[in-house]
């Protein structure tokens, strides 16, 4: 399988190391969030409802689909397998989270006391959605876009697969 | 192009996992409203057939409550009418709350349950309606320990003691709070209760209506 990247965008050793940091940072937070949301889908459904963005039937789907998507994206990012696709998806998720948090900050009639980003757990930011969550997600979005642009780097399964000699390269007898 | 196809593959796998998960673990978003209004239900249960005495005579209420939800815009109840409700299948008017409170909560007959569903930490302890039990969605779903008639038990065990027809009135912080509706959804869909009502104006409305308030961590303030 040929690499997705043109030769000039193949990352060097230092950039590869940085891309590992980016991948693990995004995967760590998404995986942590997924773990807590999957523990209690009912609570996550009520949390989505509080944002008053989606109709009820989409809340039902989202309460299960979002955490499973987060979990799979986290897994693929950690392994570095299909990492660019996973990075695009994580960027999409993070943009939607930023939009949701910004919308409750703007709409005075919507009161959301808990972000529910990580279920009941609180890391980095307080429970109440605010600028801290937007900055946190923007940083993760930047990390995701770096992985989407440069790929997962040399320390990844994608790189291993791309570097593996193909049967066509075998010396002819 | 390969990345786009791979992204769709990941989404597909996530959707299949979500589908299986939702099949295994049912959730509920919003329970159906009651078939009858609270007034009709009251007349049916009390057998009086005449609810006229429940309506506050015009001008008697010294300080009318605004139950209008500003978030709802049009379609809400009339400002200043304490008995107007925006959805008669979900909400109970103040006149009925007063009647049920006086007949059952104050008399401690055990035939009605007033629930304070406010989830913000410390607000119940700061002040609640006398006799109101503190049951939030978190307390119920996580089965936190509660005390009923001095007996410690889990919140789910407590709610399992409520008979389906028993009056259950829930209030939260008033205005746009979702806590009452979410709790009602759980009580109706998971506990099979059929007589669960929300008081829209919430704690501020009941306080303003003159119901006795008390601090502390138990319904009666101990």
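So here's what we get for this one:
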read-out	value
Qualifying residue in the range B:188-195 (condition: part of a helix (DSSP H, G or I), closer than 17 Å to residue B:33 by Cβ and under 13 Å from the mean Cα position of the chain (by Cα))	yes
In the range B:163-187, the residues that are buried (at least 17 other Cβ atoms within 10 Å of the Cβ) and more than 14 Å from chain A (Cβ to nearest Cβ)	B:166, B:167, B:168, B:169, B:170, B:171
Scan of the range A:63-82 for residues that are assigned to a helix (DSSP H, G or I) and at the interface with chain B (Cβ under 9 Å from one of its Cβ atoms), ordered by number	A:63, A:64, A:65, A:66, A:67, A:68, A:69, A:70, A:71, A:72, A:73, A:76
Enumeration of residues in the range A:85-101 that are facing chain B (nearest Cβ under 9 Å) and surrounded by 23 or more Cβ atoms within 10 Å (Cβ to Cβ)	A:85, A:86, A:87, A:89
Within the range B:84-142, helices (runs of 4 or more DSSP H) holding 3 or more residues that are over 12 Å from residue B:169 (Cα atoms)	B:123-126, B:137-141
Residue B:168 being without any contact (Cβ under 8 Å) to a residue 60 or more places away in the chain, closer than 17 Å to residue B:198 by Cβ and part of a loop (DSSP other than H, G, I, E, B)	no
Any hit, the range B:145-160, residues being under 23 Å from residue A:43 (Cβ atoms), modelled with pLDDT under 95 and in a loop (DSSP other than H, G, I, E, B)	no
Output for the range B:1-44, where each listed residue is more than 10 Å from chain A (Cβ to nearest Cβ), surrounded by 14 or more Cβ atoms within 10 Å (Cβ to Cβ) and in a helix (DSSP H, G or I)	B:38, B:39, B:41, B:42, B:43
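The values are calculated or read from the model by the stated rules, or taken from the named source; none is laboratory data. These numbers were taken from a predicted model, which means no experiment stands behind them. Neighbour counts are summed over all protein chains in view; Cβ atoms, including those assigned to glycine, are modelled from backbone coordinates with ideal geometry.
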